[in-house]
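The values are calculated or read from the model by the stated rules, or taken from the named source; none is laboratory data. What you see is a predicted model, and the numbers here were worked out from it, not measured in a lab. Cβ coordinates were reconstructed from backbone atoms using ideal geometry, including for glycine residues, and neighbour counts include every protein chain displayed. Quick note on the areas: whole protein, heavy atoms, side chains included, nothing else; ligands and nucleic acids left out. Shrake-Rupley method; radii C 1.70, N 1.55, O 1.52, S 1.80 Å.
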Amino acid sequence: MLSALERFAPLPLQESWDNAGLQVGLTETEVSGALLCLDVNERIVDEAIRKGCNLIVSHHPLLFRGLKTISDLTDVQRTVMKAIENRLCVISMHTNMDNAKGGVNFRIARKLGLNDVEFFASKLVDGIEAGSGVVGKLSEPMAADDFILKVKKTFGVECAMCNELLRRPVSKVAICGGAGDFLLDEALKTGADAFITGEMHYHQYFGYEQQIQICVIGHYQSEQFTSEVFQEIIQEACPGVKTCIAETCTNPILYI
């Protein structure tokens with residue numbers, strides 16, 4: 001199963017600071033079921049145990065940097081301990097899945113019904129085409145406020161953070177799930193009318209009025225459908241394996 005995930009999103013596609021791949025457990029473990037999620041914490045491990053899954057596949061790595069202690073002092077340490085105690089395996093597919101063809105950003109584009117979706121600011125990694133963002137076209141141009149309402153409904157967000165509403169129709173849309181503000185200028189170069197991402201720094205909203213419609217929907221919200229990609233990969237490669245998309249919401253941000 002690990003090999004199927006890594007064929008789809010090879011580890012060399014991950015960014016240099018990342019830690020995708022096997023996090024906890026043995027590579028030869030026979031899988032009883034896979035719980036698919038965005039983040040790994042104690043509640044996710046508990047859900048995996050309840051559902052009889054001995055494998056967790058997450059988007060965000062449980063371990064970004066090495067642990068010097070494994071105890072009950074932090075959520076990460078407790079989660080590692082609980083996974084080991086219950087003989088669970090944890091695999092994370094992070095920026096390699098962001099950068100892969102058919103990965104996180106392609107799924108966002110599919111949810112929005114975009115056509116002619118392709119990478120922008122693409123690169124070759126070990127001969128594989130990759131990219132941190134995608135761009136595509138709506139079936140029909142939309143007014144900016146209607147487009148934002150469509151995005152909010154599609155991703156179930158309470159609010160979207162936007163710059164001044166565009167006074168022309170939105171047709172071409174650039175996307176980078178998660179923390180994608182570093183691609184804003186590249187999105188503008190594609191001729192996109194709108195740019196969707198999960199996070200953006202305050203000062204980056206300035207200076208783009210009537211150039212591009214910024215629509216920031218939250219990190220968790222933008223990447224929430226990544227588990228569907230995991231499920232499709234696993235079901236195709238290992239059709240007999242039970243897969244469960246996690247019901248536990250791990251978003252730490254509340255909108256009050």
Neighbour cut-off at most 14 other Cβ (10 Å), DSSP loop, chymotrypsin sites (Phe, Trp or Tyr not before Pro), the range 200-256: 206, 255
Sparsely packed trypsin sites (Lys or Arg not before Pro) within the range 149-256, loop by DSSP, other Cβ within 10 Å at most 13: 167
Partners for residue 137 among lysines (Cα-Cα distance below 26 Å; same-chain residues under 8 apart left out): 101, 111, 123, 150, 152, 153, 172, 189
Candidates 165, 183, 67: whichever shows maximal mean-square fluctuation once the chain is modelled as a Gaussian network with Cα springs under 10 Å: 67
Per-q log10 I(q)/I(0), the chain, q = 0.07, 0.08 Å⁻¹ (Debye; single scatterer per alpha-carbon; no solvent): -0.25, -0.33
Highest-MSF residue in the chain out of 109, 144, 130 [GNM, Cα springs under 10 Å]: 144
Spatial separation of Cα centroids for the range 81-118 and the range 2-23, in angstrom: 10 Å
Computed lengthening from residue 87 to residue 145, 0.36 nm per intervening residue step minus Cα-Cα distance: 16.0 nm
Kirkwood estimate for the range 1-71, i.e. one over the average of 1/r between Cα atoms, Å: 13.3 Å
Accessible area per residue in Å² at 1.4 Å probe, computed on the chain: 48 Å²
Among 90, 102, 114 the positive-end extreme of the charge dipole of the range 59-183 (Cβ point charges): 90
Portion, in percent, of the accessible area of the chain that falls on carbon or sulfur, probe 1.4 Å: 52 percent
Of the GluC sites (Glu not before Pro) in the range 1-38, those whose Cβ has at most 16 other Cβ within 10 Å and which sit in DSSP loop: 15, 28, 30
Among 29, 226, 243, residue whose mean-square fluctuation peaks in a GNM of the chain (springs only between Cα atoms under 10 Å): 29
Mean-position separation - Cα centroids, the range 162-231 and the range 236-251, in angstrom: 28 Å
Expected 222 nm ellipticity per residue - DSSP helices of 4 or more, -39500 (n - 2.57), all of the chain, to 500: -8000 deg cm²/dmol
